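The values are calculated or read from the model by the stated rules, or taken from the named source; none is laboratory data. These numbers come from a predicted model, not from an experiment. Here Cβ is always computed from backbone atoms with ideal geometry, including for glycine, and neighbour counts include all displayed protein chains.
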Amino acid sequence: MAKEMARIPMVSVCIASYNHARFLPATLESILGQTFRDFELIVVDDGSTDDSLEILESYARQYPEFMRVLTHPGRRNLGISVTDNLMIKEARGMYWCGQGSDDVSYPDRLERQVAFLESHPAIGWVYGVADFIDKDGAPLHEQFGSDLSAIPDLVEELILENRIAGAATMVRMKCMTEVGPFEPGLMYGDWEFWIRLAARYPAAFLPGAVGGYRYHDYNTSLYPPQHDNLKRSLENFKWCLDVIISLRREADVAEGQLGQPRTKALLDLSRAAYLLLLKDNESASLAAAAVFRSDPSFRDDLKQMAHCLCHFKSLRLPLMITRELGYPPNWLVDRDFMSALLRIGAYRIWHSFGAVSARLLMRRGQMQRAFLKSVV
C-alpha cells in the first residue's frame, strides 16, 4: 500500500467533508468511478458530528491506492478555508479540482478537463457548469455556473457576482500555489479565490456539465434555497461583504489587475451595495464616496457604471452614486445610465408589488384558516 501511495498522480481531487454522511457514498463513488484513473482523492473531514468520518474511513480501506482521509487535530471544526488549505498542502498532483461532499462528478469529468488543459498550456484553469440535482439525486433541469468567455473582463464580472461553479473547475497546481491559500474565516472563500486567480491567470470555459450540484436545505452557497428567510438572507449578504472587504484590503497592496484603480473602485461599489442590503446606510455612503477616489476615471465610464448598478438593482445605490458624480449632471443625458435607472426603478416597483401581493395572500389564508377553525 505504501508503494502505491508513493506514486505521483496527475490530478488531486480534494473534498472538504462536513456532516454530509447521507450524500457521501454517491460523492465518493462518482470520483472513484472516473474514466480517468491517474488521480488521488484527498478528503479532510472538518469535525463532522454525524457518521461522515466512519464512512470515509471505510472507503479509504477499500481504495487505499486512490484515497486518503485526514482530520484536523482533535477532529475540530476549523471551517472550509482552513480545510481547503490543508488539502492543497497535501495534494501532489499537477492539477487540482475540488468537489463538495454532497455533490457528484460525472464519469468523464477528469478525462475531459485534463485533456483540455493538456492541449491548452497557456490556460491556467478551466471552469464549466454543474447540473442542479435534488437531495435524492434527481435532476432539477437547471444549472449552476455560467459561460463567461465572452465577458471582456472576468475579474470585474466576478466581483459583481460569483458565477463559477467550484464543483466544475480544474486548476493547474502551480497556479494554486502561486496565487496563495484560501483566506481563513471566509464562508465564501472560493469566490474570493476565483477572483484572485482570474486576476493572474487566463481561464477557459469547457462546455457541457461535468457534475451535479446538490440543492438541499443545508447548502451554504451564494444561492441559498431559503431565499424567503430574512435571517438566512442577511447571513448571505454578510458573507458576501466579508469577501469584498478581504479583497479590497488585499487590493491596496496587490500588483497586477487586483491592484488596479478600476478593480478597487468596483470593490468599493460592491461594498456599498452589500452595506445597503445590511441596512448600514452610513457606511454604505462612505463606500460609495470611495468609488471615485479609487478611480476618478469611473466618472466618465457611465456605461460600465450602469452595468454594475443594474446588477445590484438597488434604488438607494444609484442615488448615492449620482450624488457623488456631482455637477454638471452628465448622467442625465447619458442613454445607458438613464436606461439603467429606469430598469432598476421598474424592477423595484414590480418586486415591491409582488411582495405586497404575497403578504396579502398570506394574510388572506391566515384569516380563512382562522375562520374555518372557529366554525369547526
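Brief remarks on what is shown
- A residue that is in contact with an Asp or Glu (Cβ under 8 Å, 6 or more places away or on another chain) and over 22 Å from Phe182 (Cα atoms) can be found somewhere in the range 35-47.
- Residue identified as modelled with pLDDT of 95 or more and closer than 26 Å to Leu148 by Cα among Glu255, Glu250: Glu250
- Set side by side, the residues Met87, Met67, Met94 differ, and just one is aliphatic (A, V, I, L, M), assigned by TED's automatic domain parsing to the domain that holds Ile15, at pLDDT 95 or above and surrounded by fewer than 20 Cβ atoms within 10 Å (Cβ to Cβ), which is Met94.
- Exclusive hit being in contact with a Pro (Cβ under 8 Å, 6 or more places away or on another chain) and over 28 Å from Leu140 (Cβ atoms), set Arg7, Arg76, Arg92: Arg92
- Exclusive hit being on the phi < 0 side of the Ramachandran plot, assigned to a helix (DSSP H, G or I), touching a residue at least 40 places away in the same chain (Cβ under 8 Å) and not basic (Lys, Arg), set Ser270, Ser285: Ser270
- Any hit, the range 317-336, residues being of a type in the set (Gly, Ala, Ser) and on the phi < 0 side of the Ramachandran plot: no
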